[in-house]
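What follows is a short report on a single structure.
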Amino acid sequence: MSTVKRTWVVNGERWTVDLPPGRRLLDALRNDLGLKGTKEGCGEGECGACTVLLNGEPVTSCLIAAGQVPDGAEIMTVEGLEKTEGGRILQEAYIERGAAQCGFCIPGMIMSSFALLSKTRTPDDAEIREAHAGNICRCTGYEKIIEAVKLAANRWPEK
Amino acid sequence: MPATVQTRDPRWVGQGIPRVDAEDKVRGRAQYVDDLLVPNGWHGHVVRAPVPHGLLRGLTPDPAFDWSRVVVVTAKDIPGPNCIVSHDRSMPVIASDEFLYAGEPVALIAAPTLRLAREAAEHLRIDFEERPAILTLHEVADQFKHNDPALVKLCGQTIRKGDAEAALARAHKVVEAEYTAGHQEQLYIEPQGLVAEPTGDGGVFIYGSMQCPYFIVHELCEALALPPEKIRVKQAAVGGAFGGKEEFPTWLAGYVALLALKAKRPVKIVYDRHQDILYTTKRHPVWSRYRTGLNRDGTIAAIAVDFLLDGGAYLTLSDVVMYRGILHAAMGYRCDHVFVNGLVARTNTVPSGAFRGFGAPQAIWGLESHVDAMAAAAGMTPHEFRLKNCLVQGDTTPTGQVLKWSVGSPAVLEKSLERCRFDEQWKKCSRGKPGAKSWYGIGVSFFAHGAAFTGDGEARIKARAAMDLDWLAPGRPGGIVRVSSTEMGQGALTVLSQLAADGLGLDLSRVSCPFPDTALVPNSGPTVASRTTMVVGSCVYGAAGKLKKALEQFAGKPIASGKEFDEIASAYLNKHGRLRVEHLFVLPPGTQWDQKTFRGDSYPGYSWGCNVAEVEVDPRTLGIRVKKITAFYDIGKVVNPVLAKGQIEGGLVQALGYSVMEKIGIDRKGRFDASRMQTYIIPTMQDIPEMDLDFVEFPFDHAPPGAKGVGELPMDGLAPAIANAIEAATGLRMRDLPITPEKLYEHSQKNLGR
């Protein structure tokens with residue numbers, strides 16, 4: 001089987017992967033790069049557990065063919081959060097507010113939070129709900145996630 | 001000054017400390033089953049019955065396929081009796097001569113890759129003779145109503161108090177109605193998944209996503225022909241369960257264990273979402289019929305209920321689900337004449353199973369809708385009627401239990417009504433007023449939830465917890481909680497750690513609560529029935545207290561500080577090695593229960609709740625928006641207010657889905673018709689209402705430090721509160737869940753046509 005070679009910057013590090021045809025970005029991250037933090041909940045882009053940032057934009061990695069992610073693309077997964085100040089602030093806020101219960105949706109949810117706060121430092125309620133509408137959580141009822149995002153927004157670093 | 005040792009107030013219980021597993025979860029480090037490396041592991045796949053009912057004539061392998069690359073298991077490979085023990089031994093692990101639902105396993109295949117396993121399945125021909133099938137609740141409800149002998153009853157049970165029929169005949173007014181609800185899918189975000197590995201001694205080690213490790217041991221030992229100690233079960237991080245990982249993982253464990261033992265290597269099965277929705281248990285569909293009598297003064301003369309559950313193809317746990325259902329079907333109100341007739345009927349569908357609330361939400365859906373109908377017939381408002389008739393301390397339940405302690409009624413009801421100004425808001429309801437831009441309605445529900453197992457269940461299983469004095473790390477002694485209760489998101493590890501720390505009188509850092517492993521933990525019962533904090537937690541608290549006493553005896557002096565504990569515990573460990581103490585749960589003194597007649601103390605205690613829903617309905621589209629929920633709960637002593645509130649919020653949002661969104665039926669082939677996340681719609685962040693939630697604490701003194709159940713309670717009462725609010729908004733009484741705009745429209749047209 002012919003493979004394609006891609007070089008990406010994942011969580012700030014350069015990675016080169018050999019991708020067989022049809023490999024999903026989710027599998028490339030989990031299996032080729034060993035980044036098991038990102039989860040698969042439905043495989044059809046509905047639950048958002050596989051959300052990662054591709055050049056800063058949240059995407060569902062189960063719907064993206066890895067071979068179509070070009071060389072040089074910047075990818076950020078949940079494992080990369082703690083390398084950034086904002087990521088650490090978000091993680092702290094999620095912990096403080098009790099935003100994680102079973103935790104399976106969190107690796108995707110928190111990436112959507114990060115993408116939102118990276119663009120909008122003081123999001124209103126509607127913006128928070130919209131930004132996370134693609135991330136399904138069955139445990140929390142979302143209240144504590146909204147609280148955590150608001151808390152993180154208050155502490156978000158000045159540029 | 002001489003040092004004095006003082007008994008201090010609990011230090012950790014009552015504090016909303018962060019979860020002990022939170023950091024791993026927000027960093028993406030928690031390891032769920034699909035994240036674990038399984039060296040030399042193969043992938044398993046289940047070959048399934050193609051139609052809902054048939055006689056299995058044989059399995060014919062395609063001779064052109066290379067079968068040497070895979071391992072196939074059929075019913076013939078099962079070493080022991082082909083059954084999952086469960087409650088009646090009726091369900092086979094793999095169908096052998098007859099199958100009763102579409103998707104029932106007929107063979108298992110393992111291969112080095114999942115692709116190959118699936119490919120092999122396509123080369124295995126299933127020879128069968130199709131038989132007639134019953135597929136829906138409506139069919140069995142019709143059979144029931146017409147006394148049709150074709151109805152297959154899986155089990156039945158009644159509750160009798162006084163003489164309901166005579167009281168109905170005498171009543172001033174009689175109110176009758178039927179209520180139905182469909183399946184609900186748990187939709188934990190992590191799909192089902194387990195790994196089985198053969199152990200060197202002929203046994204098997206099973207690990208992964210589950211609620212009840214000992215279920216797997218005790219329900220498979222016969223089929224696997226292994227003594228219980230040769231089946232070792234350990235949980236991995238669990239990505240949500242809600243009852244969906246109560247009995248189902250036992251079936252899945254059967255599949256992976258049989259494959260692993262035959263293939264002589266580890267085998268993993270992780271379902272994809274489509275398989276997970278198609279082939280795993282759901283909440284039982286319900287049909288209930290209420291006939292109630294009212295006295296002239298607005299009190300309740302009689303309650304007669306028929307309560308029918310669609311059990312699916314096999315009994316599994318449905319008897320106990322129905323028991324909890326009938327015990328809640330007339331609960332909450334003063335009434336001397338009660339008759340509840342509970343029944344589980346067979347359909348040729350996936351066996352229905354455990355889901356948060358376990359029969360109680362289905363019962364309370366009918367009851368609390370019907371209470372509004374009774375209030376209207378009595379000429380009273382819904383809140384006046386409830387305040388007048390609700391059970392309070394000293395009253396007697398339908399089973400004859402006197403509510404002697406820890407009764408959060410009428411407190412939860414009064415406080416909720418006051419907080420949302422129900423009386424004022426009730427007068428503003430639109431009641432379908434023509435010409436309005438938006439219809440507003442408010443509705444209330446009030447309920448109790450039996451805490452822990454039904455009847456004397458807790459006494460029968462002899463739930464116990466252990467605390468080990470051991471090294472947490474080199475040079476660092478501490479107490480290790482050893483229980484079979486699993487962490488599935490609800491916060492068990494955190495709450496049990498808090499209770500252990502308080503039992504020891506030590507800092508949380510001297511306590512550890514690892515995932516259960518049946519090689520290391522006693523059986524503290526399954527992680528179900530809102531019993532973990534109350535029952536197992538109390539055992540942990542008791543065991544920790546005993547551990548402390550044992551150390552104090554060893555030292556000959558009280559332990560007053562963490563430093564003293566470190567010294568004494570280290571000395572003990574160096575001299576004697578590990579110390580284990582256990583604590584057994586005991587029911588309150590005087591508990592009496594007759595499992596045959598369902599008379600007596602049906603639960604050791606009750607949690608109480610009240611939900612108020614405020615809705616807006618668009619008169620043009622009939623779109624329903626739940627704007628606000630006000631709720632008070634009595635869950636006894638609140639061990640961790642942040643986690644408890646998280647349970648309530650999450651449960652209410654699941655209940656919101658059950659009420660107005662989550663719709664799944666059975667198609668003509670007998671399969672679930674909304675078998676993907678694209679079609680099975682649950683609430684997102686955009687759908688959630690404002691929630692005003694609070695607790696009133698009526699501690700349960702017979703299980704120190706006094707917690708009662710919380711997990712299931714928020715699932716119980718929201719659907720009827722919303723239906724009641726929708727009637728207040730539109731004038732339309734909806735009696736079938738979920739309540740969708742389409743159903744509202746159909747109902748409005750029927751009303752116009754009259």
Residue order for B:His172, B:His43 - accessible surface, 1.4 angstrom probe, largest first: B:His172, B:His43
Distance from segment B:650-727 to segment A:85-115 (C-alpha centre basis), Å: 24
Positive-end residue of B:Tyr603, B:Gly441, B:Ile559, charge dipole of chain B with Cβ unit charges: B:Ile559
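Calculate what fraction, in whole %, of the accessible area of the protein assembly as shown sits on carbon and sulfur atoms when a 1.4 Å probe is rolled over the protein chains. All intermediate terms of the calculation are to be shown ahead of the outcome.
Values: 16390 of 33230 Å².
The computed percentage sits at 49.
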Helical contribution to [θ] at 222 nm, DSSP H n ≥ 4, -39,500 (n - 2.57), averaged over the protein assembly as shown, rounded to 500: -9000 deg cm²/dmol
Shape category assigned to chain B from the gyration tensor of Cα positions, a/c cut at 1.5: oblate
Threshold 40 Å² - residues in segment B:666-711 whose accessible area is reduced by that much or more when the chain is no longer isolated, probe 1.4 Å: B:Met677, B:Gln678, B:Ile682, B:Thr684, B:Met685, B:Gln686, B:Ile688
Estimated vicinal HN-Hα couplings, Hz - segment B:372-386 in sequence order (Karplus 6.51, -1.76, 1.60; Gly, Pro = x): 5, 5, 5, 4, 4, 5, 7, x, 10, 6, x, 7, 4, 4, 5
For A:Val10, residues with placed amide H under 5 Å, excluding near neighbours: A:Trp15, A:Ile75
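Ranked from the most accessible area to the least, with a 1.4 Å probe and all protein chains present, what is the order of A:Thr16, B:Thr454?
Numbers: A:Thr16 80, B:Thr454 20 Å².
Order by accessible area, largest first: A:Thr16, B:Thr454.
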Cα centroid separation, segment B:143-185 to segment B:219-262 (Å): 37
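Give the accessible surface of segment B:1-150 per residue, rounded to a whole number of Å², with probe radius 1.4 Å and ligands, DNA and RNA excluded. List each step's numbers first, then the result.
Values: 7990 Å² over 150 residues.
Roughly 53 Å² per residue, with all protein chains present.
What net charge is computed for the residues neighbouring B:Tyr603, neighbours being all others with C-beta under 13 Å from the C-beta of B:Tyr603, Lys and Arg scored +1, Asp and Glu -1? Please report the intermediate quantities before stating the final value.
On the way: positive: B:Arg324, B:Lys404, B:Arg531, B:Lys708; negative: B:Asp456, B:Glu458, B:Asp601, B:Glu712.
Taking every other residue near B:Tyr603 into account, the sum is 0.
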Chains A and B, summed buried accessible surface - 1.4 Å probe, Å², nearest 100: 3800
Threshold 20 Å² - residues in segment B:469-518 whose accessible area is reduced by that much or more when the chain is no longer isolated, probe 1.4 Å: B:Gly489
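Quick one: dipole size for segment A:84-155, taken about the Cα centre, charges +1 on Lys/Arg Cβ and -1 on Asp/Glu Cβ, in debye to the nearest 20.
Numbers: 9 positive and 9 negative charges, 25 e Å.
Around 120 debye, computed over segment A:84-155.
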Debye, to nearest 20: dipole size of the protein assembly as shown, +1 on Lys, Arg Cβ, -1 on Asp, Glu Cβ: 580
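For segment A:84-155, report the accessible area per residue in Å² (1.4 Å probe, heavy atoms, rounded to an integer). Walk me through the intermediate numbers first.
Values: 2260 Å² over 72 residues.
Accessible surface, normalised per residue, equals 31 Å².
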Area accessible to solvent at B:Trp251, 1.4 Å probe radius, in Å²: 10
Within a Gaussian network of chain A (alpha carbon springs, distance under 10 Å), most fluctuating of A:Thr60, A:Thr140, A:Thr51: A:Thr140
Neighbourhood charge, 9 Å Cβ-Cβ cut-off, centred on A:Gly37 and excluding it, Lys, Arg +1 and Asp, Glu -1: +3
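Provide the percentage of antiparallel DSSP beta bridges, counting only those with both residues in segment B:461-549; round to the nearest 5. Numbers along the way, then the final one.
On the way: 7 of 9 bridges.
Counting only bridges with both partners in segment B:461-549, antiparallel ones make up about 80 percent.
Ignoring ligands, DNA and RNA, what accessible area per residue does segment A:4-79 give at 1.4 Å, in Å²?
Numbers: 3030 Å² over 76 residues.
So segment A:4-79 comes to 40 Å² accessible per residue, rounded to a whole number.
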B:Leu55-B:Gln678 pseudo-label distance in nm [points 7 Å out on the Cα-to-Cβ vector]: 4.0
From phi via Karplus (6.51, -1.76, 1.60), per-residue ³J(HN,Hα) for segment B:517-531 in Hz, x at Gly/Pro: 9, 4, 6, 10, 10, x, 8, 9, x, x, 8, 8, 6, 6, 9
Heavy atoms of B:Lys669: accessible area, 1.4 Å probe, square angstrom to 10: 140
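Mind checking A:39-52 for the average number of partner chain beta-carbons within 10 Å of each residue's beta-carbon? Intermediate results must be reported in sequence, preceding the final value.
Working: counts 8, 7, 10, 11, 6, 6, 2, 9, 5, 3, 3, 0, 0, 0.
Going residue by residue through A:39-52 and averaging, the value is 5.
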Cβ-placed point charges (K, R +1; D, E -1), dipole of chain B about Cα centre in debye, nearest 20: 520
Total formal charge among the other residues, if their Cβ is under 12 angstrom from that of B:Val586, Lys/Arg +1 and Asp/Glu -1: 0
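Mean separation of Cα pairs under 8 Å and 6+ residues apart, divided by the residue count of chain B: what relative contact order is that in percent?
Details: 1881 pairs, mean separation 121.3, N = 754.
Once normalised by length, the contact order is 16 percent.
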Nonlocal amide H pairs with B:Thr158, under 5 Å, H built at 1.01 Å: B:Gly342
Interface residues, segment A:69-90 - accessible area loss of 20 Å² or more versus chain alone, probe 1.4 Å: A:Val78, A:Glu82
Amide hydrogen neighbours beyond the local backbone of B:Leu737, cut-off 5 Å, H modeled: B:Thr180, B:Ala181, B:Gly182
Per-residue HN-Hα couplings for segment B:558-565 [Karplus 6.51, -1.76, 1.60; θ = phi - 60°; Hz; x = Gly/Pro]: x, 9, 10, 8, x, 5, 4, 4
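Hey, what D do you get for segment B:456-545 in µm²/s if you plug the Kirkwood alpha-carbon radius into Stokes-Einstein at 10 °C and 1.306 mPa s? Each step should come with its number before you reach the end.
Values: Rh = 12.9 Å.
Rounded to a whole number, D works out at 123 µm²/s.
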Where labels lie 7 Å past Cα in the beta-carbon direction, separation of B:Glu564 and A:Asn55 in nm: 6.6
Simple spin-label estimate for B:Glu746 and B:Gln553 in nanometres, 7 Å along Cα-Cβ: 6.7
Heavy atoms of B:His45: accessible area, 1.4 Å probe, square angstrom to 10: 30
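The values are calculated or read from the model by the stated rules, or taken from the named source; none is laboratory data. Since we're looking at a predicted model, the values are computed, not measured. Cβ sites come from the backbone with ideal geometry, for glycine too, and all protein chains shown count toward neighbours. To get the accessible areas, we keep the full protein, side chains included, count just its heavy atoms, and leave off ligands, DNA and RNA. Shrake-Rupley method; radii C 1.70, N 1.55, O 1.52, S 1.80 Å.
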